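One structure below.
The values are calculated or read from the model by the stated rules, or taken from the named source; none is laboratory data. Just so it is clear, the structure is predicted and the values come from calculations on it, not from any experiment. Heads up, the Cβs are rebuilt from the backbone with ideal geometry, glycines too, and the neighbour counts pull from every protein chain shown.
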Amino acid sequence: MGYFLYAIALLSKQVAFDKDAAMLKPNEYPHLILASQSPRRRYLLQQAGLHFQVIPSNIDESSIPITRPEEYVRILAEAKAGDIAGRYPTSWVIGADTIVLINGSILGKPRSIAEAREMLRKLSGQVHQVLTGYAIFCRAENHCHVEVVKTHVQFKTLSEKEIEWYIHTQEPFDKAGAYAVQGLGTFLVKSINGSYTNVVGLPVCEVIEHLILHGVITREERREPALAAGEGS
């Protein structure tokens with residue numbers, strides 16, 4: 001717990017002053033905010049019918065040393081949500097972080113063709129885990145919920161030709177674990193045990209349940225077309 005609090009305090013020092021937020025009155029703050037620039041998380045919430053704004057966190061993830069995987073994604077999710085919630089205290093803020101784990105090793109985003117090749121070879125024919133930590137904050141309501149969801153993913157055995165073809169589609173290079181289950185990488189996955197959307201980047205079932213439970217959204221709201229305001233990319 002001591003390390004956890006230290007990490008959050010360290011990250012909070014990195015938050016830049018938000019001029020636009022400072023100019024808004026509290027009653028003008030967005031009701032729901034996604035504190036992520038991930039187009040995949042934005043798409044998932046749009047598909048769920050939510051109305052929200054995308055305001056990415058300024059947190060420097062590289063400043064946090066990796067300890068236990070579950071603790072790592074919890075810290076980052078809470079830091080991202082806490083960063084934006086501090087600027088928009090009456091808003092409900094969703095923060096998240098996703099990692100791929102195999103045999104105790106965390107696979108990040110490949111920085112080269114060689115790294116992508118190595119990751120895909122490690123995953124070939126094996127079961128790995130996708131962990132997503134998500135946090136839901138509202139400062140005005142003194143609300144802080146953080147949870148980690150784990151999904152087990154079985155890869156097919158990949159031939160070298162399949163690995164090389166997939167690498168040269170360029171899809172692996174901005175994805176943890178060097179693949180996208182919702183993209184061309186769908187052919188890599190033999191089976192999934194757990195939340196599919198968690199593998200994409202956000203456990204939508206758990207997030208929606210929590211928002212409904214606390215009256216943040218209603219079932220009626222989710223029937224309307226969803227448009228995310230903001231620039232997520």
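Some points to look at:
- Check on Q129, in contact with a Ser or Thr (Cβ under 8 Å, 6 or more places away or on another chain) and either modelled with pLDDT under 95 or closer than 16 Å to V73 by Cβ (or both): yes
- Scope region 185-208; condition within 19 Å of P39 (Cα to Cα), free of Cβ contacts under 8 Å to residues at least 40 places away in the same chain and among the β-branched types (V, I, T); matching residues: T186
- When residues of region 33-42 are limited to those that are part of a helix (DSSP H, G or I) and modelled with pLDDT of 95 or more, the one surrounded by the fewest Cβ atoms within 10 Å (Cβ to Cβ): R42
- Residues that are over 17 Å from R42 (Cβ atoms) and either within 17 Å of the chain's Cα centre (by Cα) or not in a helix (DSSP H, G or I) (or both), drawn from region 177-187: G177, A178, Y179
Residue-by-condition table, conditions (1) among the β-branched types (V, I, T); (2) closer than 17 Å to A85 by Cβ:
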| position | (1), (2) |
| --- | --- |
| H31 | no, yes |
| L34 | no, yes |
| Q46 | no, no |
| G49 | no, no |
| F52 | no, yes |
| P56 | no, yes |
| I66 | yes, no |
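- The numbered conditions (1) closer than 19 Å to P69 by Cβ; (2) out of contact with any helix residue (DSSP H, G or I) (no Cβ under 6 Å at 6 or more places or on another chain) are all true for H168 except (1).
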